[in-house]
Every structure is written in C-alpha cells, then in structure tokens.
C-alpha cells in the first residue's frame with residue numbers, strides 16, 4: 001500500500017514537471033501522451049478526428065521501447081569480447097528489455113492493456129534469459145495461459 005502511494009505521488013510529480021515543459025512545444029501533448037500516457041494535453045485536432053487513442057501509451061509502445069532497449073543493450077554488450085564470453089549478449093539484452101518493459105508499464109499506470117503487453121514482453125524476454133527458445137506460437141500460448149489466469 002505504501003509503495004502504491006509513493007509511486008502514484010512520484011508519477012504525478014513527473015507528469016506535472018513534464019507538462020510544464022511540454023506545453024511550450026507544438027506537439028507537446030502528443031509527446032506527453034506517448035511518454036506518460038496522459039492524453040489531456042493532446043490538441044483539438046486529435047480529439048476532433050478521434051485519433052487520441054493512437055498516441056497514448058499502448059502495448060505497441062511498450063513492445064517497441066523494450067525491443068529497442070533489448071537490441072541496444074545487446075549491441076553494447078557485444079563490444080566487450082571478455083563480457084560476451086561470460087554472459088551472452090542476448091541474455092543481457094533480455095534483462096534490460098524486461099526491466100524497461102516493467103518501468104514503462106509502471107509509468108503508464110499499469111492499466112489492463114499495459115499489463116497484457118508486459119506479460120507478453122516478459123514471456124519473450126524470460127525465454128531469452130533462460131535460453132529456452134520456443135516457436136512464436138508456443139510463446140503466444142504461454143502468454144494466453146498466463147493472461148487467462150491473471
């Protein structure tokens with residue numbers, strides 16, 4: 001309970017700080033929606049065309065961000081030959097991808113769509129970390145089972 005209260009106050013402070021800075025930008029509302037998930041600053045054009053939901057944090061954003069961080073961390077780890085002999089680059093990338101998916105889902109408020117996206121990302125990254133490579137349909141089946149039990 002204390003963590004929830006502390007996290008929500010931290011998230012609100014972050015939203016207020018970013019809102020002040022992003023209000024000055026032309027597409028600041030869109031950036032605020034993508035970064036924090038707050039669609040209140042989106043311009044009237046998006047509201048008039050009913051495309052606001054496309055810019056607010058979704059599972060696609062979580063997958064893209066965590067996938068990019070996975071690739072970037074793997075690339076950086078591969079630059080150190082001694083490091084890759086000890087721990088494979090994909091495993092390190094998996095850890096960073098999993099942590100980034102968790103952090104981004106928490107920033108988004110951990111709503112139902114972000115929970116589903118995080119579950120799918122965690123299934124994929126955990127299979128990489130544990131070096132258990134499965135077909136994509138098997139991973140999708142694991143995700144469906146975990147999502148149903150959730």
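Which one of these is modelled with pLDDT of 95 or more and in the same structural domain as residue 129 (by TED's automatic domain parsing): 92, 107, 65? Walk me through how you get there before you give the answer.
On the way: 107 fails: modelled with pLDDT of 95 or more; 65 fails: modelled with pLDDT of 95 or more.
Exactly one of 92, 107, 65 is modelled with pLDDT of 95 or more and in the same structural domain as residue 129 (by TED's automatic domain parsing), namely 92.
If you take the residues in the stretch 16-26 that are touching a helix residue (DSSP H, G or I) at 6+ places or on another chain (Cβ under 8 Å) and part of a helix (DSSP H, G or I), which one is farthest from residue 108 (Cα to Cα)? If you could, list the steps in order and put the result at the bottom.
At the first step, the residues of the stretch 16-26 found to be touching a helix residue (DSSP H, G or I) at 6+ places or on another chain (Cβ under 8 Å) are 18-19, 21-23, 25.
Restricting the remaining residues to those that are part of a helix (DSSP H, G or I) gives 18-19, 21-22.
Details: 18: 14, 19: 15, 21: 19, 22: 17 Å.
Looking at the filtered set, the residue picked out is 21.
Within the stretch 67-98, how many residues are touching a residue at least 24 places away in the same chain (Cβ under 8 Å) and under 29 Å from residue 149 (Cα atoms)?
Within the stretch 67-98, residues that are touching a residue at least 24 places away in the same chain (Cβ under 8 Å) and under 29 Å from residue 149 (Cα atoms) number 11.
The values are calculated or read from the model by the stated rules, or taken from the named source; none is laboratory data. Everything numeric in this text was worked out from a predicted model, so none of it was measured. No Cβ is skipped: glycine too gets one built from the backbone with ideal geometry, and neighbour counts run over all protein chains shown.
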